[in-house]
1. Along Cα→Cβ, 7 Å out, is where each label goes; now give me the distance between the ones at residue 157 and residue 249 in nm to one decimal.
2. Quick one: which residues, 5+ away or cross-chain, put their amide H under 5 Å from the amide H of residue 98? H built at 1.01 Å from N.
3. Please work out how much accessible surface residue 109 shows to a 1.4 Å probe, ignoring ligands, DNA and RNA, in Å² rounded to 10.
4. Given labels modelled 7 Å from the Cα in the Cβ direction, how far is it in nm from residue 235 to residue 361?
5. So how far apart, in nm, are the two label points at residue 339 and residue 354 if each is 7 Å from Cα heading toward Cβ?
6. Applying a 10 Å radius around every beta-carbon, put 35-46, 131-142 in order of their mean neighbour count, most first.
7. Put +1 on the Cβ of each Lys and Arg and -1 on the Cβ of each Asp and Glu in segment 124-243; which of 142, 241, 215 then has its Cα farthest toward the positive end of the dipole?
8. Given H placed 1.01 Å from N in the peptide plane, which residues other than close sequence neighbours of residue 217 have an amide H under 5 Å from its amide H?
Amino acid sequence: MKRLLTFTVLLVMVLGGLALATETRVNTMGDANMIVKDDYNMFAFPSTINYYPRLFAAEFGENETFYLKDGDEYDVYLNKVGANFQFGQKSDKPWVLGLYFDQRYYIPDILYDYVMDKDAGEGGWGTDHRITMLYGRELNGIPFGFIFSYYNAGNKVDNDTIYYDDDYYNYDQSLNRYEFSFGLSPMQKKLDLALKVGFTSWTDEYAYDETVGMVDNSKPSGNMDFALTGRYWMDPMGKYTLVPHAGIEYSKQGIELYEVDEGTNELYEEVTYKYTAFNLGCGLNYDATENVLVVADMGISYEIWKDKYDYPLSDSEPYEPKWTDMMLPYFKVGIDAYAFKWMNVRAGVLAEWYRGKYEPYDSRMSKSSYVYTQTFLGAGFHWGNFILDANIDPDFLSRGPYFISGSNSGYYDDPYDLSSQISLKYMLD
C-alpha cells in the first residue's frame with residue numbers, strides 16, 4: 001500500500017505540469033546517447049532495435065516554437081508513442097517490427113525563410129509526421145536494422161473562378177519528407193554503424209490572374225540530407241570500457257523563387273543552404289559498482305554553413321556568406337546511480353568550447369569564442385517492467401511547488417514544473 005501511495009504521489013507531481021521532452025535518460029546523463037546503451041539508441045543506430053524486441057515507449061516534450069507571418073506563435077510538441085513487436089520467436093530467424101507516431105512537424109529552414117511570410121495560400125504550412133517504421137533482424141549473425149519515416153501535409157483550392165472577393169484565390173501547397181536509415185552491428189556486435197538519407201520536395205503554386213492562371217511561387221532544388229555515424233565498444237579493461245565514435249553529416253536545402261512579369265513567370269532568385277559537420281570523440285563507461293554507471297566523453301566537432309544567393313535577372317555576382325563553428329573540445333560527464341529499489345538518480349554536464357567565424361563577403365570577417373555549459377538532473381522510477389524517466393527541474397527542488405513557496409518561474413506567472421522531460425517505457429513480456 002505504501003509503495004502504491006508513493007507511486008501515485010510521484011506520478012501526479014511529475015505529470016501535473018510538464019514541459020516534456022524525449023530521450024530523457026541519456027539526456028540527463030549529459031547528452032550521452034552516443035556512448036550509453038539505451039533503447040533510444042535504435043533511432044541513431046537502427047540495428048540496436050534487435051536488442052529491444054518487445055517494448056512499449058511513450059516520450060513527450062516541447063520541441064520548438066514557430067512564429068507565423070501574422071505574429072502568432074505555436075508550439076511543436078515531440079510527443080512520440082510506439083512499440084516494438086517480435087515475430088517468429090520460435091523460428092531460427094526472428095524479426096522485429098516497430099511502429100511509432102508523434103506530433104512532429106518538418107519545415108525546411110529555407111522554405112520557412114522565403115515562403116511562409118508570403119501571401120500565397122494560407123502560410124505557415126509544413127509537413128505532419130505520418131509514421132516511423134522500424135525493422136530489425138540478424139543477417140548471418142549480424143544485427144541489421146532499417147527505419148523509414150514519412151512526413152506529408154498540403155492545402156489545395158481549385159475552383160472554376162480563380163478569385164473570390166478579390167483576395168481568395170486558387171492555390172496548391174504540399175510538402176513531402178522521406179527519411180531512410182540503415183544500420184549494422186558487425187564484429188561480435190561491438191561496432192555500430194548507421195547511414196541516414198533524407199529527401200524533401202514541395203509544391204507551391206497559386207493563381208496569378210485569369211490570364212496567366214496557376215504559376216509557381218517557388219520550387220525545391222536539390223533538397224537532401226546524408227549522415228554516417230559509427231561507434232565501437234572496445235573490450236573492457238577492468239571496470240572501464242572505451243567507446244570511440246565518429247560521424248559526418250551533409251545537408252543541402254535549395255529553393256527557386258518566381259515572379260510574374262509582363263505575363264511571364266520568371267525565376268528571379270535562387271537560394272541554397274549547405275551544412276557540413278564532422279564529429280570525432282571517445283567515450284568512457286565506468287562501472288563504479290554493480291548499480292552505478294559513470295560516463296564521460298570528449299571530442300571535437302566542426303560545422304560549416306554556406307549560403308548562396310543568386311539573381312538570374314541581375315548582372316550582380318552571387319552572394320556567398322559562410323559560417324564556421326568548432327567545438328574544440330567538448331566534454332560530457334554523467335552518472336546513473338541506484339538510490340532505492342524503485343529509483344535511480346542521474347546527473348550530467350555538457351560543456352562545449354565554441355570558436356566561431358563569420359565571413360559575409362570579400363575580406364570582412366568576425367570571430368567569436370565562448371563556452372556553452374548545460375547541467376542536468378534526472379531520476380528513473382521503475383516498478384517491474386515499467387520505467388518512468390524524468391529530467392528534474394532544479395528550481396522546483398530548491399523553491400518547492402507554488403502552494404508552498406509562492407514563487408513562480410517568472411514567465412507569465414507559470415509555477416515551476418517538477419520535470420522538464422519525461423519518458424515512459426514498458427518492457428513487454
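1. 3.8 nm
2. Amide H neighbours of residue 98: 85, 134, 135.
3. Using a 1.4 Å probe on the heavy atoms, I get roughly 100 Å².
4. According to this spin-label approximation, the distance is 6.0 nm.
5. Label-label distance for residue 339 and residue 354, simple model: 3.2 nm.
6. Ranking, from highest mean packing down: 35-46, 131-142.
7. Positive-end residue among those listed: 241.
8. So residue 217 has HN proximity to 204, 205, 206.
The values are calculated or read from the model by the stated rules, or taken from the named source; none is laboratory data. Source: prediction; values computed, not measured. Counting neighbours? That spans all protein chains shown, and the Cβs are built from the backbone with ideal geometry, glycine included. For accessibility, only protein heavy atoms count, side chains too; no ligands or nucleic acids. Shrake-Rupley method; radii C 1.70, N 1.55, O 1.52, S 1.80 Å.
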